[in-house]
Amino acid sequence: MGGSVFGPVDIVPAGGDYSKSRAPRSGTAPSAPCRRVRGAPLSLSLMDPTMSDALSPNIAYLKPSETVAISAETKRRRAAGEDIVDMSVGEPDFNTPRAVAEAAVKAIEKGMTRYPPNIGIAELRAALARDVSLMSRGVAINPDQIVISNGSKQSIFNACFTLFGPKDKVLIPAPAWVSYPQIVSLCRAEPVLVHGDPEWGLKVSVKELEQKTDKLVKGLILCSPCNPTGATYSATEIRAIAEWAKKHDVWIIADEIYRRIYYGDGPAPSFMDLPEELRQKVVLIYGASKAYAMTGWRIGAAYAPMPIAKAMAAFQSHTTTGANHPAQWAAATAFSDEKVEQEVTKMVAAFRRRRDRVVERFRAEAPGVEFVEPTGAFYFFFRVDGTTPERNYTGSAFCDAAMAAGVALVPGAAFGDDRWVRMSYAVSDKELETACDRLLALIRKLGAQAPAASGAR
Ligand SMILES: Cc1ncc(COP(=O)(O)O)c(C=O)c1O
């Protein structure tokens, strides 16, 4: 993968450096045991080698976010006049709903600019509690167990730092969002990737989790709807995983940041839909960024059992003090205002239309290319190793070629499997068509069709 504009990549299945080896044929799960995400210390990618002695072991395995790096590189190229459709970035192309922005202005005018309560303003926690309860058939949600943070990324960090430490293992279904392994490593726990089944939208089942379970496993981070695949765990799958976790006394960090962006009926199935006895060791992660087009406002939340919520709040009291105060008022409106709800419904309809279009075009114009049919979020995850006659093309090489053809994408290496590539379809319909034209032309040019797509649904 050296030589890619995306830089070195360290998350690969054991024995699975797909840039060098002949990749398995379609339908073959990357079921080789995953090695730890930790490899050679990555600090050299962060700073001048002459300063490497200065680095604390705290960041020995730290690596900058690839998605953020690609997005920055794309912005740089676009500013220099290059014609690139940016499909790398995981954020809606819509503006924040007006009522939300107005609530922030009003809060500022009313002087809500001082330190907020460390745990978050009561109005926002109440609005969130109501919203989550409504989505999960009236389940009782205690607002005092909600901790508001500067984005759900911080909520995930708070939860992991509070729950996991040295000697703990944390299972992470892969392909996985880039930050999970990094966050777990920052907590000095061990991230263990568990590869999902291509025949099942790259989701993991209890069978795969059992294979990685031992006495050291203390947690699981599960993302549904999933970044990067767009797959969604069904109610039955969620229940089975919750029962597995209960049996092994494992904490679940349920990252449901994309719950509202779901193409089935209502919001996506959730761990909050489960009976109380299966939720005792669940930390729910939620936030305003994705469904409310509020990525820049930095508001996220964790809902946890009371002692964990208290510990997270205490931890946060020494790190950020609390989340951006006016943004909390904006988010309180986002989670409670009927007009905003209608805008969210429209945005989700637009994502669904774009999803339909990408799927339709790939099916019709690249029938051999395997992909996960997205049921939520706004990502399209497709497999590229079979797009060249040698059938060993990497996601990184494909993304370099796509960038040269005018489309920015994220290689699967960033998520743990470099046979795949992630496209974010949170772009305008026009840009989507242009990007599809360019990518499908590239796939034709690369000159081969992948094997009959048994896993494509
Ligand atoms: C799966 C997942 N979780 C959490 C986040 C963090 O979102 P934020 O910190 O903006 O709330 C993201 C953002 O890309 C994400 O994709």
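The values are calculated or read from the model by the stated rules, or taken from the named source; none is laboratory data. Everything numeric in this text was worked out from a predicted model, so none of it was measured. Please note: Cβ atoms are built from the backbone with ideal geometry, for glycine as well, and neighbour counts cover all protein chains shown.
So the values come out like this:
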read-out: Residues located in segment 273-292, provided they are within 11 Å of the ligand (Cβ to nearest atom) and either over 17 Å from Ala140 (Cβ atoms) or not assigned by TED's automatic domain parsing to the domain that holds Arg239 (or both); value: Ile285, Gly287, Ala288, Ser289, Lys290, Ala291, Tyr292
read-out: Residue among Gly447, Gly416, Gly368, Gly412 that alone is touching a residue at least 12 places away in the same chain (Cβ under 8 Å) and in contact with a Lys or Arg (Cβ under 8 Å, 6 or more places away or on another chain); value: Gly412
read-out: Flag for Pro267 being more than 15 Å from the ligand (Cβ to nearest atom), out of contact with any Phe, Trp or Tyr (no Cβ under 7 Å at 6 or more places or on another chain) and either without any contact (Cβ under 8 Å) to a residue 12 or more places away in the chain or among the aromatic types (Phe, Trp, Tyr) (or both); value: no
read-out: Test result for Val100, assigned to a helix (DSSP H, G or I) and within 16 Å of the ligand (Cβ to nearest atom); value: yes
read-out: Sole exception among (1) within 16 Å of the ligand (Cβ to nearest atom); (2) in contact with a strand residue (DSSP E or B) (Cβ under 7 Å, 6 or more places away or on another chain); (3) over 28 Å from Pro181 (Cβ atoms); (4) assigned to a loop (DSSP other than H, G, I, E, B) for Phe94, by number; value: (2)
read-out: Lone qualifier among Ile70, Ile11, Ile84 - being modelled with pLDDT of 95 or more, surrounded by 15 or more Cβ atoms within 10 Å (Cβ to Cβ) and not assigned by TED's automatic domain parsing to the domain that holds Phe161; value: Ile84
read-out: Which numbered condition Met306 fails, given (1) hydrophobic (A, V, I, L, M, F, W, C); (2) within 21 Å of Phe271 (Cα to Cα); (3) within 16 Å of the ligand (Cβ to nearest atom); value: (3)
read-out: Among the residues listed as Ala331, Ala350, the single one being assigned by TED's automatic domain parsing to the domain that holds Ile221, within 22 Å of the chain's Cα centre (by Cα) and not basic (Lys, Arg); value: Ala331
read-out: Unmet requirement for Pro116, which otherwise passes all of (1) surrounded by 20 or more Cβ atoms within 10 Å (Cβ to Cβ); (2) within 16 Å of the ligand (Cβ to nearest atom); (3) in a loop (DSSP other than H, G, I, E, B); value: (2)
read-out: Single residue of segment 119-129 satisfying the filter (within 15 Å of the ligand (Cβ to nearest atom) and not in a loop (DSSP other than H, G, I, E, B)) that is farthest from the chain's Cα centre (by Cα); value: Leu124
read-out: Segment 130-161 - residue that is away from the ligand (no atom under 14 Å from the Cβ) and polar (S, T, N, Q) and, of those, surrounded by the fewest Cβ atoms within 10 Å (Cβ to Cβ); value: Asn142
read-out: Residue tally, condition near the ligand (Cβ under 10 Å from one of its atoms) and at negative phi, over segment 293-303; value: 7
read-out: Output for segment 62-76, where each listed residue is touching a residue at least 60 places away in the same chain (Cβ under 8 Å) and either in contact with a helix residue (DSSP H, G or I) (Cβ under 8 Å, 6 or more places away or on another chain) or within 16 Å of the ligand (Cβ to nearest atom) (or both); value: Leu62, Lys63, Ser65, Glu66, Thr67, Ala69, Ile70, Ser71, Thr74
read-out: In segment 205-226, the residues that are more than 29 Å from Ala60 (Cα to Cα) and buried (at least 24 other Cβ atoms within 10 Å of the Cβ); value: Ser224, Pro225
